[in-house]
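I have placed the structure first, in the form of structure tokens, so that the comments after it can refer back to it.
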Amino acid sequence: MNKKKEDKVSKGVNQVFDSDLRFEYDGEDDGHLDLIFKQDSVLKKRKGANDIDFDNYRKEIRDNAVQLFSRWLYDVSIPFNDVNYEALQAAINAIGQYGPGMKAPSYHEMRIKCLKKEKKTAEKLVEESVEVAKKNGCTLMCYGWIDRN
């Protein structure tokens with residue numbers, strides 16, 4: 001196998017490991033995986049003086065993000081209790097998976113593209129509910145999307 005292929009194979013193998021596990025080998029072959037793979041909690045106890053404290057760094061980054069988010073929340077007059085919606089956490093997770101540099105959605109994207117997708121999703125939910133209602137002999141009070149404009 002040539003060097004480029006070996007590099008690709010080794011990179012692929014390294015990507016399989018879980019992010020909270022670290023590879024450590026002390027030269028002995030006892031056959032126990034826990035001697036090779038150490039959890040972060042074990043590694044944190046062995047931190048040296050020169051190691052960066054990532055917990056404080058992540059806390060500062062989170063505090064900054066929360067402050068910027070709350071500033072936007074105040075600016076657009078969104079009620080405080082809206083942060084309790086589960087959909088907000090899903091959105092924050094998706095933004096975090098994208099990473100830095102994600103552009104905010106445009107007015108057109110929100111008003112046309114995303115709204116059409118949500119309308120189709122709502123219509124599918126109503127269709128499913130109508131089928132269940134027919135089976136059970138129930139009546140739905142609303143059979144579709146209601147536009148208030």
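Looking at region 101-124, which of its residues are within 15 Å of the chain's Cα centre (by Cα) and exposed (fewer than 11 other Cβ atoms within 10 Å of the Cβ)? The answer is none; no residue qualifies.
Scanning region 73-100 for residues that are exposed (fewer than 11 other Cβ atoms within 10 Å of the Cβ), of a type outside the set (D, E, K, R) and more than 20 Å from Glu118 (Cα to Cα) returns Tyr74, Val76, Ser77, Pro79, Phe80, Asn81, Asn84, Gln97, Tyr98, Gly99, Pro100.
Every number in this text was worked out from the coordinates using simple rules, so none of it is lab data. From a predicted model like this one, the values you see are computed outputs, not experimental measurements. Heads up, the Cβs are rebuilt from the backbone with ideal geometry, glycines too, and the neighbour counts pull from every protein chain shown.
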